[in-house]
1. Sort out which residues of the range 275-295 are closer than 17 Å to GLU214 by Cα, surrounded by fewer than 16 Cβ atoms within 10 Å (Cβ to Cβ) and either among the basic types (Lys, Arg) or touching a residue at least 40 places away in the same chain (Cβ under 8 Å) (or both), and write them in order of number.
2. Any idea which of (1) in contact with a Phe, Trp or Tyr (Cβ under 6 Å, 6 or more places away or on another chain); (2) surrounded by 10 or more Cβ atoms within 10 Å (Cβ to Cβ); (3) among the aliphatic types (A, V, I, L, M) is the one ILE43 doesn't satisfy?
3. Does at least one position in the range 23-35 carry a residue that is on the phi > 0 side of the Ramachandran plot and either out of contact with any Pro (no Cβ under 9 Å at 6 or more places or on another chain) or surrounded by fewer than 10 Cβ atoms within 10 Å (Cβ to Cβ) (or both)?
4. Tell me, yes or no, whether the range 118-136 has at least one residue that is in a helix (DSSP H, G or I), basic (Lys, Arg) and farther than 30 Å from LEU242 by Cα.
5. Of all residues in the range 170-191, count the ones that are exposed (fewer than 11 other Cβ atoms within 10 Å of the Cβ) and under 29 Å from the mean Cα position of the chain (by Cα).
6. In this structure, is ILE61 under 22 Å from the mean Cα position of the chain (by Cα), of a type in the set (Val, Ile, Thr) and farther than 16 Å from MET21 by Cα?
7. Residues in the range 41-57: is at least one closer than 30 Å to VAL127 by Cβ and in contact with a helix residue (DSSP H, G or I) (Cβ under 8 Å, 6 or more places away or on another chain)?
8. If you take the residues of the range 125-142 that are out of contact with any Phe, Trp or Tyr (no Cβ under 9 Å at 6 or more places or on another chain) and more than 17 Å from LEU161 (Cβ to Cβ), which of them is surrounded by the fewest Cβ atoms within 10 Å (Cβ to Cβ)?
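Nothing in this text is a laboratory measurement; each read-out follows from the coordinates by a stated rule. For clarity, every value in this text was computed on a predicted model and none was experimentally measured. Every residue, glycine among them, receives a Cβ derived from its backbone with ideal geometry; neighbour counts consider all protein chains shown.
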Amino acid sequence: MPRAIWSGAIAFGLVNVPVRMYSAISEHTLHFHYIHEQDSSPIGYQKICKQEDKPVPDDEIVKAFEYEKGEYVFMEDEDFEAARVQGYKTVDITDFVPYADIDPIYFAKTYYLGPQDGAEKVYSLLVRALEDSEVAGIAKFVMRDRQYLGCLRVRGGVITLEQMYFEDEVRPTEEIKPNRASVGKDELAMAQQLIESFTRDFEPEKYEDTYRDELCAVIKAKRKGKDVHRAPAPEEEEAPDLLSALRASIEQARGGGKTARRRVRSNGDLAELSKDELQNRAKRAGISGRSKMSKQELVKALKNAA
């Protein structure tokens with residue numbers, strides 16, 4: 001059971017649903033440390049007063065807001081408590097909207113909301129109501145001295161809270177939007193055809209963190225005392241014109257990329273293939289354990305099997 005990071009209640013109208021909040025994401029991030037190379041000792045950090053150039057103990061460090069340049073307002077815990085709005089322990093639903101109407105740019109982070117002990121019935125009622133009505137609840141909530149906008153929806157029978165940005169936190173696009181360039185009918189038709197050839201159902205399990213896999217392979221190799229060298233960068237080819245590139249891309253997406261396949265066969269450079277393509281080749285070659293192999297291991301296994 002994961003550890004709850006917040007507890008309160010979902011409130012809409014006069015209905016209260018006591019809930020606990022859990023992080024919905026467990027990132028598979030590799031954590032690195034800074035150490036002294038000579039003796040492998042960890043590197044520590046001190047809190048230094050920049051004016052006195054000496055360490056400052058924790059009990060002399062306070063939060064402050066720079067109201068104007070060089071003018072600070074010191075803050076205490078009581079000041080943050082005084083600013084708490086009514087209902088700071090509730091996820092207060094103000095509106096229900098179609099989920100498809102929400103621009104994904106507003107989504108920041110995802111949490112699960114599970115029922116507190118004894119709140120299972122009212123929690124299940126809200127789950128069923130949200131599922132049947134096919135809408136999402138828009139709410140406000142306060143966590144860690146900050147108010148957030150949130151979106152409540154159901155995922156796998158559990159109420160999910162999407163932490164959202166407020167409208168004024170999203171930067172406008174005017175400054176980076178390019179001027180409208182002229183697009184030919186043939187180019188547009190081919191671009192749409194290319195998009196259609198890549199269109200399929202979303203299957204999240206097919207996407208893997210291949211960079212992390214490669215980095216793990218490098219770490220394992222170095223741990224065994226092996227030398228690791230960077231692969232030479234491929235020679236840059238002259239970019240084809242737009243129409244030629246679109247035609248070639250459509251042909252390759254249809255499985256007719258004869259030129260690309262012939263190039264791979266002739267020079268044996270399996271490293272040019274994606275991990276999915278290597279997995280498919282390994283499957284056809286009957287290589288066992290392929291699902292747990294990194295891209296480098298797949299390339300080596302295929303070369304050995306050739």
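1. If the condition is that a residue be closer than 17 Å to GLU214 by Cα, surrounded by fewer than 16 Cβ atoms within 10 Å (Cβ to Cβ) and either among the basic types (Lys, Arg) or touching a residue at least 40 places away in the same chain (Cβ under 8 Å) (or both), then ASP276, LYS292 are the ones that fit.
2. Answer for ILE43: the failing condition is (2).
3. Checked against the condition, which is being on the phi > 0 side of the Ramachandran plot and either out of contact with any Pro (no Cβ under 9 Å at 6 or more places or on another chain) or surrounded by fewer than 10 Cβ atoms within 10 Å (Cβ to Cβ) (or both), the range 23-35 yields no hits at all.
4. yes
5. Within the range 170-191, residues that are exposed (fewer than 11 other Cβ atoms within 10 Å of the Cβ) and under 29 Å from the mean Cα position of the chain (by Cα) number 8.
6. Judged against the criteria, ILE61 is not a match.
7. Checked the range 41-57: no residue is closer than 30 Å to VAL127 by Cβ and in contact with a helix residue (DSSP H, G or I) (Cβ under 8 Å, 6 or more places away or on another chain).
8. ASP132
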